[in-house]
Amino acid sequence: MGLITPTRRERAITDISVASLEAAGVRCVLLDRDNTVVPRDTGEAPAEVLAWLDAVRAAGISTCMVSNNFHSREVEASAAALGCEVVHHAMKPAPFAVRRALALMGVSAGEAVLVGDQVFTDVMAGNLAGVRTVLVEPQSTADLWYTHIFRVVERLIGAR
């Protein structure tokens, strides 16, 4: 279960203590977009997520969105609104985009954490890249049809 086991689990991204990130030596937070920072049914990050990101950056921790979403303009617009760098067309669970984000941000895998809402994309990509991972609950029940299948499998194997 190593590849599908997150380093930690939280209900929401906003439940991750910025102080705990600092204490763990995190210099960069890698963020999934859809249903992690931006609910799939609204397309805009909630105010509490924006406030959390501001607190992360105030602590001197950089942020980079790593998204599988292939709608480049939407992803880039979200990243700009959130004040994040961005790597899109990530093709997670392949670790290549995570490694590209690490290089872009100038940090090592040990200095980063990847936060996402899916085991078979976000957690696996982070684990394959050697990055600590935080699994959060999706912000919305709106998902693509194949994501629903992955979520059922996540529950069946006890990954959630």
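In this simple spin-label model, placing a label point 7 Å from the Cα along the Cα-to-Cβ direction at both L3 and A59 gives a separation of 3.1 nm. As a fraction of the 1.4 Å probe accessible area of the chain, surface on carbon and sulfur atoms comes out at 59 percent. Between H89 and R73, what is 0.36 nm times their sequence separation minus the Cα-Cα distance? Round to one decimal in nm. Answer, rounded to one decimal: 4.6 nm. What does the C-alpha gyration tensor say about the overall shape of the range 71-121? Classify as rounded when a/c is under 1.5, otherwise prolate if a/b is larger than b/c, or oblate. Judged from the Cα gyration tensor, the range 71-121 comes out oblate (a/c at least 1.5, b/c at or above a/b). For the chain, the gyration tensor built on C-alpha atoms gives a rounded shape. Its axis ratio a/c (a ≥ b ≥ c) stays under 1.5. In this calculation the C-beta distance from A81 to S108 is compared with R0 = 30 Å, giving a FRET efficiency of 0.60. Solvent-accessible surface of the chain, taken per residue with a 1.4 Å probe and all protein chains present: 46 Å².
The values are calculated or read from the model by the stated rules, or taken from the named source; none is laboratory data. None of the values given here were measured: they were computed from a predicted structure. Because the Cβ atoms are built from the backbone with ideal geometry, glycine has one as well, and the counts that use them run over all protein chains shown. Keep in mind that these areas ignore ligands, DNA and RNA; they rest on the heavy atoms of the full protein, side chains included. Shrake-Rupley method; radii C 1.70, N 1.55, O 1.52, S 1.80 Å.
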